[in-house]
Amino acid sequence: MNISRRKFLKNTGVTIVTTPLIQSCMNASEPNQFDQLLEVHLFSKHLQFLDLKQAGQVAAELGFAGLDLTVRPKGHVLPENVKTDLSVAIRDIKQSGSTCKMITTAVADVANPLDVDVIKSAAAEGVKFYRSNWFSYKEDISLEESLDHYKEKVRQLGDLNKKHNIIGCYQNHSGTKVGASVWEVKKILETVDGEFFGTQYDIRHAVAEGGRSWPNGVKLLKDQIKTIVLKDFKWGIVDGKWKIVNVPMGEGMVNFDAYFKQLKSMRLKPPVSLHLEYPLGGADKGRFEISVDQKVVYDAMKKDLATAQRLWKEA
C-alpha cells in the first residue's frame, strides 16, 4: 500500500494524534509505574477488514501500544502459513509504527505440528505472549479426568514454551468449556512451569460467571496472570430471553474501579488486550467486510481506550 500513514488515516476518518498517548506515558520518568497508563494492545480481530499495514497504522495513531494479532483460522495470519506469513505480518506492523508482542492462536497440543510451528515462529519473531485455544470437556470421561488430561497438555506446552522463550496464556471464558470457572484454570496450571504458561485473565467473563465472587478469582490466579483482557457486558432480554449483551467499556456490569484497585493492590499491571464485542457492523466479529463506515469502528476503539485509561488512573 503506497500511501502515507497520515494520508491513509485522513481518508478513513481517524483523528491523528501527534504523539501516541501510550508512548508518551511509557517513556515518562515516573517513580510509580501504577500511576502510568496501561499498556493496551488492540485485538486485531476487530480490524480484519484491513491489511496489517493499515491495521498497524490505525492502532498506532489511536494510541495503542500495539496489536494483539490473530494467528488462527480466519485470522490475519493462518496457522498453515505461519512459517512464511508471520514474519511478513510483523514486519508490516512495525513499519506502520506499531508493535506486536501478543498473538491470539488456536494452539492446544504439542502433538499438532501446526501448533508447534505457531509457537516456534512467534518466538523467533520476538512475540512475548500467545493465547492458546480453549479446551472442551470430553464426553467419554468425567470432568475431573478431563481436567487432568488438559493439565498434561498444558504442561507439555509449557515445556515447549520454555525451550523457545515464549509465554502461553489460557483465557477464562464464560460458558461450558474448560475455564469458565477460574478454579478450572487453576487446576490445569498446577504442574506447568509458571514462568512460561499462565492465564489471560478476562474480567468480563469472570463477572458473567462469578457474579459477585470474581474478586476471589483474581486472588486465586494472581500469580498466574500474564496478560488481561478488557471488555464489558450486561444482562438483557433479547427476543424474550435473558442473554449477555456486550457493551462499550464502562457501560456495563463490570466494576472496573474495584477491579483496577484490586490489581494495583496486588502490584499487578499486565499487558492488556482490548476487545470490542458490541455491534460494530461486523468488526466486532472479525468480519473481513463490514457494514458500517470505518470511522464508526475507529471512534469506538478510541473511546474504549480512553475509558480504560481514565478508569485505571482514577482507581
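FYI, it's all coordinate maths here, none of it is from the lab. As the structure is a computational prediction, the values presented were derived from the model and not from experiment. Virtual Cβ from ideal backbone geometry, glycine too; neighbours counted across all protein chains shown.
Being touching a residue at least 60 places away in the same chain (Cβ under 8 Å), basic (Lys, Arg), more than 19 Å from residue 52 (Cβ to Cβ) and outside any loop (DSSP other than H, G, I, E, B) narrows it down to one residue among 302, 269; which is it?
Just one listed residue meets the conditions, 302.
For residues in region 173-188 being surrounded by fewer than 19 Cβ atoms within 10 Å (Cβ to Cβ) and assigned to a loop (DSSP other than H, G, I, E, B), which is nearest to the chain's Cα centre (by Cα)?
The residue in question is 174.
So, in region 67-81, of the ones that are surrounded by fewer than 24 Cβ atoms within 10 Å (Cβ to Cβ) and farther than 17 Å from residue 288 by Cβ, which residue ends up farthest from the chain's Cα centre (by Cα)?
This residue is 80.
For the list (1) aliphatic (A, V, I, L, M); (2) touching a residue at least 60 places away in the same chain (Cβ under 8 Å); (3) touching a helix residue (DSSP H, G or I) at 6+ places or on another chain (Cβ under 7 Å), I need the number of the one condition that residue 102 fails.
Residue 102 satisfies all of (1) aliphatic (A, V, I, L, M); (2) touching a residue at least 60 places away in the same chain (Cβ under 8 Å); (3) touching a helix residue (DSSP H, G or I) at 6+ places or on another chain (Cβ under 7 Å) except (3).
Here's the yes/no breakdown for (1) surrounded by fewer than 16 Cβ atoms within 10 Å (Cβ to Cβ); (2) among the acidic types (Asp, Glu); (3) over 18 Å from residue 45 (Cα atoms):
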position	(1), (2), (3)
84	yes, no, yes
106	no, no, no
110	no, no, yes
124	yes, no, yes
137	no, no, yes
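Just checking, which of 38, 67, 52 is closer than 30 Å to residue 267 by Cα and free of Cβ contacts under 8 Å to residues at least 60 places away in the same chain? Working first, answer last.
On the way: 38 fails: free of Cβ contacts under 8 Å to residues at least 60 places away in the same chain; 52 fails: closer than 30 Å to residue 267 by Cα.
From the options 38, 67, 52, the qualifying one is 67.
Mind listing whichever residues of region 139-178 are in contact (Cβ under 8 Å) with a residue 12 or more places away in the chain and among the hydrophobic types (A, V, I, L, M, F, W, C)?
Within region 139-178, 147, 154, 157, 160, 166, 167, 169, 178 meet the criteria.
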